[in-house]
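Trainee: I have a structure here, written as structure tokens, and I will follow up with some questions on it.
Computed from the coordinates by the stated procedures, all read-outs in this text should not be read as laboratory data. Remember, it's a predicted structure, so these values are computed and weren't measured experimentally. When we count neighbours, we look across all protein chains shown, and the Cβ atoms used for this are built from the backbone with ideal geometry, even at glycine.
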Amino acid sequence: MFELNDKVAVVTGGSRGIGKGIALVLARAGADIAIADVLDAGDAVKEIEALGRKAISVKTDVSNKKSVDSMIKEVVSNFGKIDIMVNNAGILRLAQIENMEEKEWEKVIDVNLKGCFLCSQAAGKEMIKQKSGSIINIASVAGIAAYQQGAAYSASKAGIILLTKALAGEWGKHGIRVNAICPGAIQTDMTKGMLEDEKMKQGIIMQVPLGRIGVPEDIGEAALFLASDAAGYVTGHALVADGGWTANL
């Protein structure tokens, strides 16, 4: 039930971090992978090909409709279809609310929330044609409980959770499932600076019942479940993968 043989998955922001972790887990399960990223994804493509799967990299700005539409067209041209769309691309900008610049707010919302919408819309049109598909949006526990100095990030991730539910409600009739994952503290390039502070790192670990910082593959395994037939009756759900952090009051 967890096999993805003959499936095609698109992972935005898949050159590193959580996106790369997801791409590798899906590839190990049998999926061919298209990585859509503004960054070079050559290394990730090589790792996927080493697993015996096909992989391509498509330069993509998820906040730009023309770029997204062009990416989807290229993926379909190469693979013939899209079975799984993972909207992972995202950025974080920390600032006190009273000092946050408008352009920084707009950038976070454009990449995180608008990007998720544009990619879901473009991939969804292909999935509607084939009457099947799984869309997985990477939200965050910050979309459930706010981070201090992370107002834009939390707002964007909360928006992703509700966008997920809206898409699931509209597209279920087409055989398309839409779910979100809400990661907690995960060791990535984005969190590297924060987690290099040993005092802060240990403070987080003390609040996580499972007693460790997560790794990208932890989110990859959650994505594999949601992408697979094992989650065939799951849609409109936001799966929290945080080691119990938000449950530990």
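Trainee: With a 10 Å Cβ neighbour count serving as the proxy for reagent exposure, in which order, fewest first, do CYS119, CYS182 appear?
Mentor: Fewest-to-most ranking of CYS119, CYS182: CYS182, CYS119.
Trainee: What does the convex hull of the alpha-carbon atoms of the stretch 159-249 project to on average, in nm²?
Mentor: 6.8 nm²
Trainee: Taking Cα pairs under 8 Å and at least six residues apart, what relative contact order does the chain come out at, in percent? Working shown, then result.
Mentor: On the way: 530 pairs, mean separation 52.3, N = 249.
Relative CO of the chain lands at 21 percent.
Trainee: Can you give me the C-alpha center-to-center distance between the stretch 102-137 and the stretch 196-249, rounded to a whole angstrom?
Mentor: Cα centroid to Cα centroid, the span is 22 Å.
Trainee: A follow-up question, please. Stick to the Cα atoms of the stretch 99-164, pair each with every other, and give me the Kirkwood hydrodynamic radius in Å at one decimal.
Mentor: Working: mean 1/r = 0.0786 Å⁻¹.
Result for the stretch 99-164, one decimal place: 12.7 Å.
Trainee: Return the distance in nm (one decimal) between the two label points of a simple spin-label model at GLU49 and ASP229, each offset 7 Å from Cα along Cα→Cβ.
Mentor: In this crude spin-label approximation the distance works out to 3.1 nm.
Trainee: Please compute, over every Cα-Cα pair in the chain, the percentage with a separation greater than 31 angstrom. Before the final figure, lay out each step's value.
Mentor: Details: 5563 of 30876 pairs.
Cα-Cα pairs of the chain separated by over 31 Å account for 18 percent.
Trainee: Normalising by the residue count of the stretch 143-203, find the relative contact order in percent from Cα pairs under 8 Å and 6+ residues apart. Numbers along the way, then the final one.
Mentor: Details: 32 pairs, mean separation 12.3, N = 61.
It rounds to 20 percent for the stretch 143-203.
Trainee: Evaluated at 37 °C with a viscosity of 0.692 mPa s, what Stokes-Einstein diffusion coefficient in µm²/s does the stretch 84-229 have when Rh comes from the Kirkwood expression over alpha-carbon pairs? Mind showing how you got there, number by number?
Mentor: Details: Rh = 16.2 Å.
Roughly 202 µm²/s, to the nearest whole number.
Trainee: May I have the count of lysine pairs in the stretch 121-249 with C-alpha atoms under 16 Å apart, counting pairs 8 or more residues apart or located on different chains?
Mentor: Working: LYS125/LYS173; LYS129/LYS173; LYS131/LYS173; LYS157/LYS165; LYS165/LYS173; LYS192/LYS201.
Going through the stretch 121-249 pair by pair, I get 6.
Trainee: Over all alpha-carbon pairs in the stretch 1-56, figure out the percentage whose distance exceeds 12 Å.
Mentor: Details: 845 of 1540 pairs.
Summing the P(r) tail past 12 Å for the stretch 1-56 gives 55 percent.
Trainee: Separate question: Taking Cα pairs under 8 Å and at least six residues apart, what relative contact order does the stretch 36-130 come out at, in percent?
Mentor: On the way: 86 pairs, mean separation 28.6, N = 95.
So the answer I get is 30 percent.
Trainee: Within straight cross-link reach of LYS46, meaning Cα distance under 23 Å, which lysines are found once same-chain residues fewer than 8 apart are removed?
Mentor: LYS7, LYS20, LYS54, LYS59, LYS73, LYS81
Trainee: Divide by every residue of the chain the summed helix terms, -39500 (n - 2.57) for each DSSP H run of at least 4, and state the resulting mean residue ellipticity at 222 nm, rounded to the nearest 500 deg cm²/dmol.
Mentor: On the way: 9 runs with 106 residues, N = 249.
One gets -13000 deg cm²/dmol as the mean residue ellipticity at 222 nm.
Trainee: Please report the antiparallel percentage of DSSP beta bridges with both residues in the chain, rounded to the nearest 5.
Mentor: Working: 0 of 28 bridges.
Percent antiparallel among DSSP bridges in the chain is about 0.
Trainee: If you don't mind, another one. Could you list GLU198, GLU106 in order of exposure, starting from the residue whose Cβ has the fewest other Cβ atoms within 10 Å? List each step's numbers first, then the result.
Mentor: Working: GLU198 8, GLU106 13.
Lowest to highest Cβ neighbour count: GLU198, GLU106.
Trainee: Counting other beta carbons within 10 Å of each residue's own, what order do ASP37, ASP32 fall into, fewest first? Don't skip to the end; give the middle numbers.
Mentor: On the way: ASP37 24, ASP32 21.
Ranking ASP37, ASP32 by Cβ neighbours within 10 Å, fewest first, gives ASP32, ASP37.
Trainee: Tabulate in residue order the Karplus-calculated ³J(HN,Hα) for the stretch 15-28, using 6.51 cos²θ - 1.76 cosθ + 1.60 with θ = phi - 60°, rounded to whole Hz; enter x for Gly and Pro.
Mentor: Here the 3J(HN,Hα) series is 6, 7, x, 4, x, 5, x, 5, 4, 5, 5, 5, 5, 4 Hz.
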